[in-house]
Structure formats: structure tokens, C-alpha cells
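Take a look at the structure below.
The values are calculated or read from the model by the stated rules, or taken from the named source; none is laboratory data. Computed from a predicted structure; not experimentally measured. Here the Cβ positions follow ideal geometry from the backbone for every residue, glycine too, while neighbour counts run over all protein chains shown. Areas reflect the complete protein model, heavy atoms only, side chains present, ligands, DNA and RNA absent. Shrake-Rupley method; radii C 1.70, N 1.55, O 1.52, S 1.80 Å.
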Amino acid sequence: PRLGESGSTSITGLVTSSIATFDSARAARYDQDIAPAIPGYGVLHLLTATLCAELLAEAGRGAPDARVLLAGAGTGAELSALASAGPGWRFVAADPSAEMLAHLRTRVASLRLGERVVVHEGAVSAL
């Protein structure tokens, strides 16, 4: 396939398909590989968290029971920023890759967010 088509690989080696295949080794190095491929990757998580907090506050939904869907949650890199922005928020982390979700579960445990995160292996449409 050509660059940009399903299953194609960009010059950084990251699959551009919306449904990528991640073996254990690729999932393990994903966080290290994605950061240089997307300048400001970590800052994007902070920006997203801040924007979510502002939008929920404007809508009157900044309450502790807000639920946030992480579609294509991968390794859960954004969870730290989101959990800090909304200390009472609960998350549904959905991803079709068991290997990526294994890393997400490790992150959830290290951040002590187990009570706030429900992990769904599969497509968002199956929720």
C-alpha cells in the first residue's frame, strides 16, 4: 500500500492504519517511538486534559461523575494528564490490541487508577 493507505507505514515506521497490529515488542516500544514522530506529543495530552476540563465545566458537567471515553487508548499515555485534570473522572479505555492494553493496565496500576478505569478490548462500536 501507498503512504496513508490502510496498512501503510510512514517514514517513522508507525502504521497509519486506523487498525494497527501490535505484537508484544512493538507495543513495548510504542511510547518511545511515538514521541519523536509527533512533536509535542506529551504536551498534546496536557492540552487535551485542560480542554476537556474547560468544556465539561462550561457544560456544567465538571462533576466527579464525568465519564471519559478513550477510543484507541493504546498504552494509556494520556491517562495521567486526564486523571489530574479531573480527579473524580472515570474512564473507559477501549482499544482492539491486547498487547497495547497490557501496557495500559500496567500504567493504570502504577498511577493507582484501577478504580477509575474500565478497560475494553475491542472496537468502540461494541461498547
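So, in the stretch 84-99, of the ones that are modelled with pLDDT of 95 or more and open to solvent by less than 10 Å² (accessible area, probe 1.4 Å), which residue ends up nearest to residue 50 (Cα to Cα)? Applying the filter and picking the extreme gives 91. The conditions of being exposed (fewer than 15 other Cβ atoms within 10 Å of the Cβ) and among the charged types (D, E, K, R) are not met by residue 78.
Note on the stretch 70-83: residues that are farther than 18 Å from residue 53 by Cβ and of a type in the set (Ser, Thr, Tyr) amount to 1. Filtered by the rule that a residue be part of a helix (DSSP H, G or I) and modelled with pLDDT under 95, the stretch 108-127 gives 124, 125, 126. The residues listed here are 69, 51; of these, the one that is in a strand (DSSP E or B), over 24 Å from residue 29 (Cβ atoms), of a type in the set (A, V, I, L, M, F, W, C) and open to solvent by 60 Å² or more (accessible area, probe 1.4 Å) is 69.
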